[in-house]
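Heads up, the thing below is written out as C-alpha cells.
The values are calculated or read from the model by the stated rules, or taken from the named source; none is laboratory data. None of these values were measured; they are calculated from a predicted model. So basically every Cβ, Gly included, is an ideal-geometry build from the backbone, and we count neighbours across all protein chains shown.
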Amino acid sequence: MNRKVVGKLFDIDWILFMALIPILLGGLFTMNSFSGDNPFFTRQIIWISISIIFFFFISQFDFKFLRRTGVVISLYTISAALLLFLFLTGAIFSGAQSWFNFGLFAFQPSEFSKLILIILLAKYFSRRHVEIKNIRHILVSGIYAGLIFLLVLFQPDFGSALIIGSIWFGMVFVSGISKKHIALVFSVAAISVGLLWGFVFEDYQKNRVMTFIHPLEDIQGAGYNAYQSKITVGSGEVLGKGLGYGTQSRLKFLPEYETDFIFAAFSEEWGFMGVLLLLLFYGIVIWRIVVNATHGATNFEILFGLGLAIMFVAHLFVHIGMNIGIMPVTGITIPFMSYGGSHLLISFTGLGILMGMRKYRRGAHRELMSNEFFGI
C-alpha cells in the first residue's frame, strides 16, 4: 500500500484512540469474569472489531456535505421515520419497544437518532451564531429535539429520552444562550416534567423515580436493582476484590452486569482506585474530543464535536448515577464498556466523523467560515 495512503488512513487523534482501549478492555474483562460460557464476551469482541474498522474507514471522508440543509433534513427525517416504524414492527425488550430484531443482531434506532440530532443542532446553530440569543431559535431547536424526545419516550425509553434532552440543552448552552433564557428553559423543563409525570409516565417509570427517592421501601421489588447496585459498588472498597472475584455479580445478586450495571460490577472488582483510573481515561477521551472540536474549521465542526462530548458526558453521568444511587434506574449504557452493538457502532461513527472533520479542516475556505458565522 502506498505510504501516503497509509499515512492518511492512520491520521487520527491517537491519544483519544489509545485512551479508549483500556475502557473497552475494562468492559470485556468485566463481562468475562463470571462464567466460562458467557456469550456477551465473544459478541462484544465482534462488535468492537466491527466498530473500530468502521471508525478508521469513516474517518477517511470529508464531511463538509453534512453542512448542507438538504442532507441534514433527510437524515433527520430518516431518523424520525425509523422511530415511528418501531411502533409497528419493533421488538419489545424489558418493557420497551426500542429494537429492530434481525435475528443475528438487533438495532436500536434511538442511538442513531442521538447522533443525527447532534448533526442537526450543529447545523442549525452554526448558521445562527450571532443571533443565537434570540429565543425563537431556542424554541425552534426545541421542536426538532422534542419530536425525537417524544418518539423515544413513548417506546417507552425514559433513559434515551433523557440523553436526547441533555444533548439539546447542552448544545443550546454552548451556543451562547443568555442567562435569562437558561432560567426560562429550566422553567419550561420543570413544567414539562410535571406534565409528563401526570399524563405520560407509565406506572413502572413512576415506581423507579419513587424508588430512587425512597430506595429501601421496596428492596425486594422495584428497588431491588438499585439497592444491589449500591451494595456492589460499596463492596469494592479501595482496591477491589480482584478480577473474577466480584461476589455480587458472580452469585447473580446484581442483574444485567453486562449492560445497565456494568459500572457497579467493574467497581466491585477494581475498587475505588480502579474507578479513578477508569474516569481518568474517560476524561482523556472527552478532553480530546473537545480539543478536536475547538480546532474545527467552521462553527458546524465545533458544535458537532461539542455535541458529541455532551452526549458521552450525559451517558456517563446517568449510568454512573443510577449505579451509585443518585439517579433513577433508566437502563442507560456507559460508553464503550456496556454490551451492545448499536451504541458501540454509533459511538465510533461519531468519533470517525470527528476525525474526518479533523483531517480535512485545513481545506476549509475563509469564505465558507465567514458565511456560516454571519448566517449568509
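Taking the conditions (1) modelled with pLDDT under 90; (2) farther than 23 Å from ILE15 by Cβ; (3) in contact with a Gly (Cβ under 9 Å, 6 or more places away or on another chain); (4) part of a helix (DSSP H, G or I) in turn, MET369 satisfies each one other than (3).
Would you confirm whether or not segment 53-76 contains a residue that is buried (at least 17 other Cβ atoms within 10 Å of the Cβ), hydroxyl-bearing (Ser, Thr, Tyr) and modelled with pLDDT under 90? Among the residues of segment 53-76, not one is buried (at least 17 other Cβ atoms within 10 Å of the Cβ), hydroxyl-bearing (Ser, Thr, Tyr) and modelled with pLDDT under 90, which makes the answer no. When residues in segment 223-234 are screened for being of a type outside the set (D, E, K, R) and at pLDDT 75 or above, 6 of them pass.
Taking segment 269-299 as the range and being within 16 Å of GLY350 (Cβ to Cβ) and aliphatic (A, V, I, L, M) as the test, the residues that pass are VAL285, ILE286, ILE289, VAL290, VAL291, ALA293.
In segment 117-134, is there at least one residue being surrounded by 14 or more Cβ atoms within 10 Å (Cβ to Cβ), farther than 16 Å from LEU306 by Cβ, at pLDDT 75 or above and out of contact with any Asp or Glu (no Cβ under 6 Å at 6 or more places or on another chain)? No, segment 117-134 has no match at all. Listed here are the helices (runs of 4 or more DSSP H) enclosed by segment 235-353 that have at least 2 residues being out of contact with any Lys or Arg (no Cβ under 9 Å at 6 or more places or on another chain), surrounded by fewer than 20 Cβ atoms within 10 Å (Cβ to Cβ) and modelled with pLDDT of 90 or more: 262-294, 299-324.
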